[in-house]
Amino acid sequence: MLLAERLNEALAREDYLAMLYLDLDDFKSVNDTLGHLVGDELLKTVANRLRGCVGKTDIVARLGGDEFAIIQTAIQCPADAGQLAQRIREALAVPCEIDGQQVLTDVSIGISISPDDATELDQLLKNADMALYRAKADGRGTYRFFEAAMDAHAKARRALEIDLRKALGNGELELHYQPLVNLAHDTISGCEALLRWRHPVRGMISPGEFIPIAEETGLITSIGEWVVMTACAEAATWPNGIKVAVNVSPVQFRSAALALTVVNALAKSGLAARRLELEITEAVLVQDSDTTLATLHQLRDIGVHIAMDDFGTGYSSLSYLRSFPFDKIKIDQSFIKDLSHNDGSAVIVRAVTGLASSLNMTTTAEGVETQEQLDLIRKLGCTEMQGYLFSRPKPAAELLPLLLQQNDGKMRVA
Ligand code: C2E
Ligand code: CA
Ligand code: CA
């Protein structure tokens, strides 16, 4: 309220002002790893440094959590706000010494300008927030000015959200399946179910685009349930005990219903639990709630396999291997892409396969596109491969012949 009051005073007084919306990068991990007391101290230090960066008539406010706003007055042009943002980043780049620990932090900043972008608090904040969102998306530790296109982008996203609410009921969602190949026997050991949205107007929309929306809106719960049901029913028709892998979003783990959904899907389809594999990313374990671990253990106890997806892309993949006995590690595509021209990647893949085998886990190399990559991952000890080299994700009907061919003993992988 004070911020609104001060802003109105400033608006009455100034021709031109800037709203900076700040959000600390990875503040959550400071809280999680160093504790809330250190988090609190960090916020105080940041607040003091922010005060040190601004002019006498500027206003610094804490909006909540690790979010701050600054009203910068007495500016000549938008570039002045860019300079302030830069000063803030430099001021915050100096490590803080808290409780004998060095704490490093960085900040992302979104900027909107009055009167160019808006002249009211709500809209100025909203626009600055949209610019902040872009700054985060562009890699954090940076600042961005609001642009009208961002508003258009936000509107397009809302439209997509409205369509997504209807997609499941309208039968617009489908699953495609991509084979995983066992490298010891050169046979298909399973398929990963990958979600597709056939939008009536926009055509195929990739999961990378709509799953984040489904997660933010909670729609992922019903969509995820449909995915498990459908994938189990499909896999029950496959020969030779071929498995099906299903991606599960962190949001689905926040409710205890996931285990029940899985049990239902298995019962209804008649698929043996050991033929179902759930792929989770470390984001699931970051939540680190008792519900999450309890659910994972329940699932594993009934025989469902659990794979760690996108291994190596997170912050502390290694430590998460300790928190749960995974059956499989899926090495992220980025390592496989780099294999032939980056020695580091080969060393890492070798280390991961070694680690996995001592922990009784198997390893899948994701995104194998070339024969060279296949030869390398074999040499480095991966147990499975998945990628365009063998097959792209396909509708179930197109995949079945491939699975049946293998049944006749005709299939061989290069
Ligand atoms: P992911 O789990 O890492 O899935 C692998 C992605 O890599 C898929 O993209 C697949 O099509 C792609 N891919 C496979 N082989 C190759 C290759 O050789 N080269 C390249 N460049 N790419 C390859 P897709 O289908 O677009 O899925 C993207 C992401 O969306 C998935 O990443 C997964 O995180 C998420 N996703 C897909 N389906 C579901 C779902 O049913 N539920 C949830 N929660 N997430 C899903
Ligand atoms: Ca996956
Ligand atoms: Ca993956």
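The values are calculated or read from the model by the stated rules, or taken from the named source; none is laboratory data. As the structure is a computational prediction, the values presented were derived from the model and not from experiment. Cβ atoms come from the backbone with ideal geometry, glycine included; neighbour counts cover every protein chain shown. Areas reflect the complete protein model, heavy atoms only, side chains present, ligands, DNA and RNA absent. Shrake-Rupley method; radii C 1.70, N 1.55, O 1.52, S 1.80 Å.
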Quiz prompt | Given (1) open to solvent by less than 60 Å² (accessible area, probe 1.4 Å); (2) part of a loop (DSSP other than H, G, I, E, B); (3) within 16 Å of ligand 1 (Cβ to nearest atom), number of the condition Thr363 does not satisfy | solution = (2)
Self-check item: Where Leu195 falls short, out of the listed (1) within 16 Å of ligand 3 (Cβ to nearest atom); (2) at pLDDT 95 or above; (3) outside any strand (DSSP E or B)
Solution: (3)
Quiz item: In the range 296-338, which residues are buried (at least 16 other Cβ atoms within 10 Å of the Cβ), in a helix (DSSP H, G or I) and more than 15 Å from ligand 1 (Cβ to nearest atom)?
Solution: Leu296, Gln298, Leu299, Arg300, Tyr320, Leu321
Exercise. Would you be able to say whether some residue in the range 276-292 is open to solvent by 50 Å² or more (accessible area, probe 1.4 Å), away from ligand 2 (no atom under 16 Å from the Cβ) and modelled with pLDDT of 90 or more?
Key: no
Self-check item: Of residues in the range 403-412 being surrounded by 12 or more Cβ atoms within 10 Å (Cβ to Cβ) and over 32 Å from the mean Cα position of the chain (by Cα), the one modelled with the highest pLDDT
Solution: Leu404
Quiz item: When you scan the range 127-145, how many residues do you find that are open to solvent by less than 60 Å² (accessible area, probe 1.4 Å), over 17 Å from the mean Cα position of the chain (by Cα) and farther than 11 Å from Met19 by Cβ?
Solution: 3
Practice problem: Enumerate the pairs (first residue in the range 138-151 and under 9 Å from Asn127 (Cβ atoms); second residue anywhere and in a helix (DSSP H, G or I) and open to solvent by 60 Å² or more (accessible area, probe 1.4 Å)) with beta-carbon separation below 8 Å, excluding pairs fewer than 6 apart on the same chain, so at least 6 apart or on different chains. | Solution: Met150/Tyr133; Met150/Arg134
Quiz prompt | Which numbered condition Gly241 fails, given (1) under 15 Å from Gly303 (Cα atoms); (2) open to solvent by 30 Å² or more (accessible area, probe 1.4 Å); (3) at pLDDT 95 or above; (4) assigned to a loop (DSSP other than H, G, I, E, B) | solution = (3)
Practice problem: Filter the range 83-100 down to residues that are within 11 Å of Thr45 (Cα to Cα) and under 28 Å from the mean Cα position of the chain (by Cα) and give me whichever is surrounded by the most Cβ atoms within 10 Å (Cβ to Cβ). | Solution: Leu92
Quiz item: Can you find a residue in the range 101-124 that is touching a Cys at 6+ places or on another chain (Cβ under 6 Å), at pLDDT below 95 and surrounded by 15 or more Cβ atoms within 10 Å (Cβ to Cβ)?
Solution: yes
Quiz item: Which residues, counting only those in the range 1-34, are hydroxyl-bearing (Ser, Thr, Tyr) and part of a strand (DSSP E or B)?
Solution: Tyr21
